[in-house]
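Worksheet for the structure shown next.
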Amino acid sequence: MTSRKRLTPEESRCSALEAARALLIETGPQSVTLKAVSARIGRTHANLLHHFGSASGLQKELARHLAETVCETIKEAVTAHRAGLGSPREVVDLAFDAFDKEGAGALASWMILTGDEDALSPIVETIHQLVDEIAPEEVDHDGNATSFHVETLALVLMAMGDALIGSALAKSLGLPETAARDRAQLMLERSLGPINQQA
């Protein structure tokens, strides 16, 4: 009889989060449960309870994990754009794909609809941190955020909305499926242009 490899607590958490991410992409947010994840990684339900406390805790950590992974990639893309490599479209595609293909939009919606009111906190906090690193907050004479912070808000809202109803809405309006991404690209080009010149 072979024994299971003993994982460190961090390895166990990472393994669970990667399994949860795979389940999210394959079958949707309703399948991200402690039971399903523990079965996938060959760990006990009690083991995952120890790490995450509940299915809601697991989903919240998955949201944080997705946000951190995507934000790091976006940060690299923006840095590359400033160095004359890459393009704003790559940043847009990364953001939109995170909410669509990577399942962040479906996960966030599911958590909100099931009553987890602070479900978006990990995503919002991580995006805020990313924006602060890329472009320190600018305020106008009335103390209102300007420029990159406002553009980031619009980009995230567009990506989330596009993940949920973008394809159907674009089709009904007679627009190409990429219409929201195209608009976000134009917006980001305006926003990143001055930053690129300052860097």
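Values in this text are rule-based calculations from the coordinates and carry no lab data. Values in this document were obtained by computation on a predicted structure and should not be read as measured data.
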Angle between the Cα long axis of helix 9-27 and the longest principal axis of the chain, 0 to 90 degrees, nearest 10? 70
What Kirkwood radius, in Å to one decimal, follows from the Cα pairs of the range 7-53? 10.4
Please give the helix 55-82 orientation as an angle from the longest Cα principal axis of the chain, in degrees from 0 to 90, rounded to the nearest 10. 40
In a Gaussian network model of the chain with springs linking alpha carbons closer than 10 Å, the residue among ALA95, ALA22, ALA106 that fluctuates most is ALA22
Roughly speaking, what is the stretch gain from HIS45 to ARG64, that is 0.36 nm per residue apart minus the C-alpha to C-alpha distance, in nm to one decimal? 4.7 nm
Shape descriptor, the chain: equivalent ellipsoid semi-axes (Cα gyration tensor, sqrt 5λ, whole Å, largest first) stand at 34, 20, 16
Please check: in the Gaussian network model of the chain (C-alpha springs, under 10 Å), which one of GLN185, GLN30, GLN59 has the largest mean-square fluctuation. GLN30
What ³J(HN,Hα) values, in whole Hz, does the Karplus curve 6.51 cos²θ - 1.76 cosθ + 1.60 give for the range 148-154 when θ = phi - 60°, with x put for Gly and Pro? 4, 5, 5, 5, 5, 4, 4
